[in-house]
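Here's the structure, in structure tokens; my notes come after.
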Amino acid sequence: MSASTDALHQRELQSFPPWLDLPPRYTAGDWISWQKGKLIAARLREDPALVRLALQRMIERPRHHFPAILEWIELIEKHNVEEIAAIMESADDEGQRLRSSSPFVREPFVTSEEVEAIRERAHFG
């Protein structure tokens with residue numbers, strides 16, 4: 001391996017880049033999820049109908065109703081858009097847990113380009 005390739009490889013393997021302001025017990029992967037959650041929260045606030053779209057997607061796939069999805073259905077039915085957005089951007093353990101099963105995936109909630117940009121920022125600054 002060349003010196004520059006070796007240096008790049010070392011950067012890719014870094015679990016906790018110094019530029020990430022990680023909450024306690026967070027990994028770089030948690031940070032990526034948290035940043036996606038912030039982006040999704042902003043989208044939900046801009047277009048509250050997106051919350052109903054996520055609900056509709058979950059309800060239309062009843063065979064995929066494992067406990068985490070049922071929890072999200074209940075959260076969406078009982079909470080307003082601001083409360084759902086706050087969950088998505090929360091840095092606490094509950095926010096992290098709920099983001100791990102978030103129904104706000106793919107477009108229109110977040111694009112693959114946006115996710116890639118967040119990953120690049122996490123690993124390369």
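The values are calculated or read from the model by the stated rules, or taken from the named source; none is laboratory data. Just so you know, these numbers come straight off a predicted model, no measurement behind them. Cβ atoms come from the backbone with ideal geometry, glycine included; neighbour counts cover every protein chain shown. For accessibility, only protein heavy atoms count, side chains too; no ligands or nucleic acids. Shrake-Rupley method; radii C 1.70, N 1.55, O 1.52, S 1.80 Å.
Only residues that are within 14 Å of residue 41 (Cβ to Cβ) and charged (D, E, K, R) were counted across the range 71-91, and they come to 3. Which numbered condition trips up residue 113, out of (1) in a helix (DSSP H, G or I); (2) open to solvent by less than 60 Å² (accessible area, probe 1.4 Å)? Tallying (1) in a helix (DSSP H, G or I); (2) open to solvent by less than 60 Å² (accessible area, probe 1.4 Å), residue 113 fails exactly one: (2).
In the set 52, 11, 25, 63, only one residue is among the basic types (Lys, Arg) and modelled with pLDDT of 80 or more; that residue is 52. Residues in the range 85-103 that are touching a Phe, Trp or Tyr at 6+ places or on another chain (Cβ under 9 Å) and without any contact (Cβ under 8 Å) to a residue 60 or more places away in the chain: 88, 89, 90, 98, 101, 103. Given the structure, is residue 124 within 18 Å of residue 35 (Cα to Cα), surrounded by 11 or more Cβ atoms within 10 Å (Cβ to Cβ) and more than 16 Å from the chain's Cα centre (by Cα)? It is true that residue 124 is within 18 Å of residue 35 (Cα to Cα), surrounded by 11 or more Cβ atoms within 10 Å (Cβ to Cβ) and more than 16 Å from the chain's Cα centre (by Cα). Counted as qualifying within the range 22-106 are the helices (runs of 4 or more DSSP H) with 2 or more residues that are open to solvent by 40 Å² or more (accessible area, probe 1.4 Å) and under 22 Å from residue 117 (Cα atoms), namely 28-46.
Of the residues in the range 29-57, how many are more than 10 Å from the chain's Cα centre (by Cα) and of a type outside the set (Lys, Arg)? Selection size over the range 29-57: 12.
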